[in-house]
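Below: one structure, written as structure tokens.
The values are calculated or read from the model by the stated rules, or taken from the named source; none is laboratory data. Here the structure is a predicted model, which means the values were calculated and not measured. Because the Cβ atoms are built from the backbone with ideal geometry, glycine has one as well, and the counts that use them run over all protein chains shown. Heads up: the accessible areas ignore ligands, DNA and RNA and are worked out on the full protein's heavy atoms, side chains in. Shrake-Rupley method; radii C 1.70, N 1.55, O 1.52, S 1.80 Å.
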Amino acid sequence: MNDDVPSSPSSAEAHPPPGRSLEQPVAPARGRHGASSAVLILLSIVGTLVFAGSFAAVLYLVSWEDVGEVQTGSFLDVKLTGEIGDAPTMGGFFLEPDDFPPITTEVAAALTHAATDDRITGVYVRLEAPSLGWAGTQEVRAALQQVREAGKPVVCFSESYSTSSYLLASACEHVLMPPAGANMVVGLAASTTYYAGTFEKIGVTPQMEHVGDFKSAVEPYERSEPSEAAAEATNALLDSLWSQWVGMVAEGRDVSEETVRAWVDSPALSPNEALDRGLVDGLAFPDQIALSLPESHDEGWADGLAEVDGAAAVDSEGFTSLKEYLKGLRAESRSSRRHVAVLHASGQIVSGRADGGLFGQQVIADKTLGRQLSDIRENDDVVALVLRVDSPGGSGLASDMIWREVQRFRATGRPVVVSMANAAASGGYYIAAPADWIVAQPGTLTGSIGVFGGKFDLSGGYEKLGMTQTTFKRGDNADMFSSTAAFSEDGREAYRTFLSDFYELFLQRVSDGRDLERDAAHEVAQGRVWTGEQAKARGLVDELGGLAEAVAKARELAEAEDVGVVRWPKRKGFLERLMEDLDDTSRSRAVTDAVGELSGGASHEIVELLLLQRVLADGGVAALLPGNLTFRDGGPVAR
């Protein structure tokens with residue numbers, strides 16, 4: 001019975017004895033009411049304690065930093081698998097920031113740190129078809145060299161070597177593979193897909209214009225083969241990249257460049273032949289290597305690996321995983337107050353906002369990057385900015401909007417240093433131009449200072465499908481950017497003038513940023529793509545190196561040698577990203593979402609065309625690398 005609800009009077013109470021009136025109070029049932037109150041009080045106390053304990057646990061989890069578990073006297077186990085990006089991604093489902101896969105510069109930073117870390121005895125590198133890009137490979141390779149120079153053993157194992165992965169392996173003291181592996185060190189090739197024949201079949205007519213003799217980005221849409229200028233530029237790129245590869249491998253393996261070229265021109269595909277000709281030092285299985293790593297500094301160590309029986313269990317305490325090691329470095333970065341901000345800008349440059357959530361393609365959107373630059377500018381703890389650029393370019397307008405935000409940061413009196421990754425070309429160079437100092441890897445693709453634009457006339461395709469379209473207009477060129485009409489003569493001339501004016505603006509940005517005369521900038525521009533090595537010789541780059549060199553220069557220019565490094569944008573956990581995706585319904589997603597499920601070799605080409613269409617929307621100017629240049633090296637395709 002509920003104590004709060006009065007009950008009906010009993011028959012005895014309805015007829016009271018003599019001398020007692022109905023109005024006299026009846027004594028309550030004190031026993032039951034007291035017990036219920038005690039239970040409620042007890043439950044309240046327990047609930048309060050549970051709440052307080054939960055709140056304390058949350059505070060502990062928020063403040064607690066997982067700095068990783070590093071085994072003293074262990075080998076750093078560096079496993080590199082598949083595509084390794086240059087910029088922080090949002091990771092997979094249910095991953096928290098510390099669990100996100102490492103990016104190229106984190107791998108390099110971990111190796112550099114391990115070189116002087118007394119807890120780390122050596123490094124064991126396991127390559128499983130990694131794809132880092134040419135500049136990314138050079139960045140990690142330089143870090144491996146630092147470990148060797150510190151006197152620590154560096155051992156590399158892979159079931160199959162490609163030309164690019166072998167460049168990485170050549171920095172190691174021991175290069176190993178299994179007895180049934182494959183040595184696919186066969187050289188470097190570059191290819192471009194041309195669409196002219198396809199467009200002719202489906203009735204699409206490209207209406208393109210460009211500025212710059214070497215701005216060959218329009219050629220894949222208008223031609224079936226490269227022009228003489230495009231072929232010259234591509235061969236010059238290959239010559240530079242190939243010269244770098246041969247020189248680095250020869251130095252790492254302590255052989256002549258002639259020997260290295262012979263390895264490639266007469267490839268040793270089988271493991272036994274690779275061993276006989278000196279490409280690898282030994283043939284062994286992973287367990288044999290892991291069991292005997294502590295003796296890897298001994299002379300002739302690789303020769304005896306085949307005799308290790310593998311019966312013993314591998315001592316897990318003899319290894320520290322890269323994931324655990326990075327936890328400490330990431331925690332150290334988050335603890336920095338005054339710091340150099342490293343802002344990653346990766347992908348094609350587009351107008352609008354980027355989808356930073358779970359389902360989007362990585363692009364550089366001017367409004368998103370502009371907001372991040374504004375946040376960094378307004379942060380008084382930031383002493384300098386390192387802009388890490390990995391981009392083939394994109395929208396000219398968006399590039400100029402980002403350029404302005406970089407200038408606004410410089411106006412605060414704090415230095416800006418650009419670190420170029422695999423590519424910082426065309427629009428990617430545009431946003432780098434105002435920096436106080438530019439650092440690039442020898443294999444970075446940069447320059448491509450030129451513009452193009454236009455549209456695709458789909459009227460022929462409409463006709464093939466039996467579709468017709470009638471347009472009513474006021475103004476001779478009202479349909480200038482219609483997808484079902486070619487440029488008129490006057491319209492084309494007006495568009496050429498528009499592109500020429502933008503090219504002059506591009507030259508002005510480069511001239512001002514690099515302290516060059518207009519004609520000197522034009523001489524190295526005209527859409528020509530350079531490697532970082534070539535760009536440095538032409539004054540477009542100040543220093544060859546990676547992110548570490550860029551951060552060191554930023555500290556030097558800021559006169560703040562003891563400050564930390566913090567990466568932007570901040571990595572977010574699953575719940576944060578999911579809530580953003582559900583909440584921000586107004587943001588525009590990258591066009592690549594529409595083809596994300598495509599399979600087969602054509603998906604990349606379709607993505608390229610859709611991104612180009614986004615860049616050229618409404619008559620935009622494109623500042624992009626030529627076409628979809630693809631490098632092949634006997635391993636995973638590197639674009």
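Computed values, structure above
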{"read-out": "Compactness relative to 2.2 N^0.38 Å, alpha carbon Rg of the range 199-281", "value": "1.72"}
{"read-out": "Over 27 Å [Cα-Cα, the range 206-346], rounded percent", "value": "61 percent"}
{"read-out": "Radius ratio Rg over Rh of the range 306-457, counting only Cα atoms, Kirkwood formula for Rh", "value": "1.14"}
{"read-out": "Proximal lysines to LYS215, defined as alpha-carbon separation beneath 25 angstrom and excluding residues fewer than eight positions away on the same chain", "value": "LYS455, LYS536"}
{"read-out": "Ranking by accessible area, most exposed first, for THR192, THR48, THR163 with a 1.4 Å probe", "value": "THR48, THR192, THR163"}
{"read-out": "Cα-projected label distance for GLU463 with ASN235, points at 7 Å along beta-carbon direction, nm", "value": "3.9 nm"}
{"read-out": "Estimated distance in nm for a label pair at ALA129 and THR259, the labels positioned 7 Å out from Cα along Cα-to-Cβ", "value": "3.1 nm"}
{"read-out": "Karplus-derived 3J(HN,Hα), 6.51/-1.76/1.60, for each residue of the range 295-310, Hz, glycine and proline x", "value": "9, 5, 7, 6, 5, x, 4, 5, 5, x, 5, 5, 8, 6, 7, x"}
{"read-out": "THR193 long-range amide H proximity, modeled H, under 5 Å", "value": "ASN628"}
{"read-out": "Extension gain (nm, one decimal) between ILE202 and ALA494, 0.36 nm per residue minus Cα-Cα", "value": "102.3 nm"}
{"read-out": "Long-range HN-HN contacts of VAL529 with modeled amide H, under 5 Å", "value": "SER448"}
{"read-out": "log₁₀ of I(q)/I(0) at q = 0.12, 0.13, 0.21, 0.25 Å⁻¹ - the range 102-193, Debye sum with one point per alpha carbon", "value": "-0.38, -0.44, -1.02, -1.31"}
{"read-out": "Nitroxide proxy distance, nm - points 7 Å out along Cα→Cβ at ASP375 and ASP515", "value": "3.4 nm"}
{"read-out": "Under 27 Å from LYS79, Cα to Cα: lysines that are on another chain or at least 8 residues apart", "value": "LYS152, LYS323, LYS327, LYS570, LYS572"}
{"read-out": "For the range 486-578, diffusion coefficient by Stokes-Einstein and Kirkwood Rh (Cα), 25 °C, 0.890 mPa s, µm²/s", "value": "141 µm²/s"}
{"read-out": "Globularity ratio of the range 450-500, using Cα Rg and 2.2 N^0.38 Å", "value": "1.29"}
